[in-house]
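Coordinate-derived values only; no laboratory data. Since the structure is predicted, the reported quantities are computational estimates derived from the model, not experimental observations. Don't worry about glycine lacking a Cβ; one is built from the backbone with ideal geometry, like all the others, and counts go over all protein chains shown.
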Amino acid sequence: MRRTPIWRRSGAGGSRTGIAVAVLLTGSLVLAGCAKDGGGGGTNNAEGQGCRLNAPPTATAPPVQPTQPQAPPDAKQMRVGLAFDIGGRGDASFNDASVAGLDRAKAEMGFTDVKELDAGAGEPEDAKQTRLRQLAREGYNPVIAVGYAYADSVKVVAPEFPGTKFAIIDEQVDGVPNVTSLVFAEEQGSFLVGVIAAHRSKNCQVGFVGGVETPLIQKFQAGFEAGAKAAAPDIEIDSKYLTPAGDFSGFQDPNKGAEVATGQLESGADVVYHAAGASGKGVFSAVKQVGAKAIGVDSDQYNQPTVAEYKDVIISSMLKRVDLAVYDYISAVARDDLGSLPKKFDLAIDGVGYSTSGGMVNDLVPVVDAYKAAIANGDIKVSDKP
């Protein structure tokens, strides 16, 4: 397989099989090995034979505290500003998830004055500041910055407009009173789709494609690798990034996504999970060309119109409920109750999860939900670092 500098293997010494499983098991939660094909002693992991799979944990679901749903607040006078990450509307991923929350809030809360501003590829840092200032100066309140790339700009601009409420998705910003951080346990949701990938891989080899090598995207990698290894200890995992930290083009380069995914597929991977924004379209294209399987990210990508041509190979998506976070944040602003928001949107509150659209993983739901319950209960701890 041809190598390029952007194809970086994860794990010490470049070994795909030497990735440590970042899962801590407590009490009697021991994963007992079992054979995928009922052969008694497990498979030999020859190509096409699948993985030797562990039994899922025997954990009970965490108790659900019944809550009385609140009626949507009346927010007809609210004016909401949204500063997109690279890709904007139509990326079928992260930005579109924020749009879904905004559109739901508009429909249920009655406001109509919304302004959305797009990010430019390779733009300077001060362009982000200008975008946020424009929204604040024009009276939009709240102003929502979509993506961690806005972190430094939010820290500069928010203090200039103390009467405006700002939110930033995917970055913890502390010490600025009018900024709310909306963050997620991406590693937990990615763990679940790692389990799915292990169960669906016939070659016992899977791939991960990250858009930009940053601590945030490494959370997706870490969870995926941990879930796959928890389900199938012998599985091979090929993790690569499209661009290094600081080069955000990795989120909007489908050709590069296709190139990297093709290399993984040619090496034997038959299920590929991407966390690469709009570049994921290229991953899906490469997967479809060889009849392999793909796992989407952020939104339920099986149902995204902009990637509809690939839906037959998208077996699941890691759901990152940016839509829920945006909706809940706007609702909390309207009620003047920001303290009601969770510190992190995690599995325990369905802030992350996995999709079953298309019915291609319906048989795995009991297995995946067993892992989900164990994580939500704290029986399984998932590291956010590869």
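A few notes on this one:
- In the range 63-150, the DSSP beta bridges split such that about 10 percent are antiparallel, to the nearest 5.
- Alpha-carbon centroids, the range 164-179 and the range 315-386: separation in whole Å: 21
- Phi-derived couplings, Karplus 6.51 cos²θ - 1.76 cosθ + 1.60 at θ = phi - 60°, listed residue by residue for the range 140-152: 6, 7, x, 10, 10, 9, 8, x, 5, 4, 8, 3, 5 Hz, with x used for Gly and Pro.
- Counting every alpha-carbon pair across the range 158-286, the share separated by more than 17 Å comes to 61%.
- Per-residue 3J(HN,Hα) values for the range 191-206, derived from phi via the Karplus relation 6.51 cos²θ - 1.76 cosθ + 1.60 with θ = phi - 60°, read 4, 5, 6, x, 4, 4, 4, 4, 6, 8, 6, 7, 8, 6, 8, 10 Hz in sequence order (x marks Gly and Pro).
- In loop segments of the range 87-173 as defined by DSSP, the GluC sites (Glu not before Pro) with at most 15 further C-beta atoms inside 10 Å of their C-beta are E138.
- Between the amide H of C51 and those of C204, distances stay under 5 Å, these residues lying 5 or more places away or on another chain, with hydrogens modeled in the peptide plane.
- Using a cut-off of 24 Å between Cα atoms, the listed pairs K115/K240; K344/K385; K256/K311; K293/K381; K106/K155; K281/K320 include K115/K240; K293/K381; K106/K155 as exceeding that distance.
- All other residues whose Cβ lies under 9 angstrom from that of A269 are scored, Lys and Arg at +1 and Asp and Glu at -1, for a net of -4.
- Scattering from the range 243-327 was approximated by placing one identical point on each alpha carbon and applying the Debye formula without solvent; log10 I(q)/I(0) at 0.11, 0.12, 0.15 1/Å stands at -0.28, -0.33, -0.51.
- Pairs of alpha carbons in the range 94-183 whose separation is greater than 18 Å (percent): 43
- Computed label-point distance, nm, for sites D337 and N303 using a 7 Å Cα→Cβ extension: 2.7
- Amide H contacts of G210: K240, Y241, L242, A275, each under 5 Å away and 5 or more positions distant or on a separate chain (H built 1.01 Å from N in the peptide plane; Pro and chain starts excluded).
- Amide hydrogen neighbours beyond the local backbone of S317, cut-off 5 Å, H modeled: G296, S355
- Inter-label distance, E138 to D174: 3.5 nm, where each label sits 7 Å from its Cα along the C-beta direction.
- Virtual paramagnetic centre 7 Å along Cα→Cβ of D152, amide N under 20 Å, in the range 230-257: 243-252
- A simple rule links phi to the HN-Hα coupling: the Karplus curve 6.51 cos²θ - 1.76 cosθ + 1.60 with θ = phi - 60°, which for the range 260-276 gives 5, 4, 4, x, 5, 5, 5, 7, x, 5, 10, 9, 10, 10, 10, 10, 9 Hz, with x for Gly and Pro.
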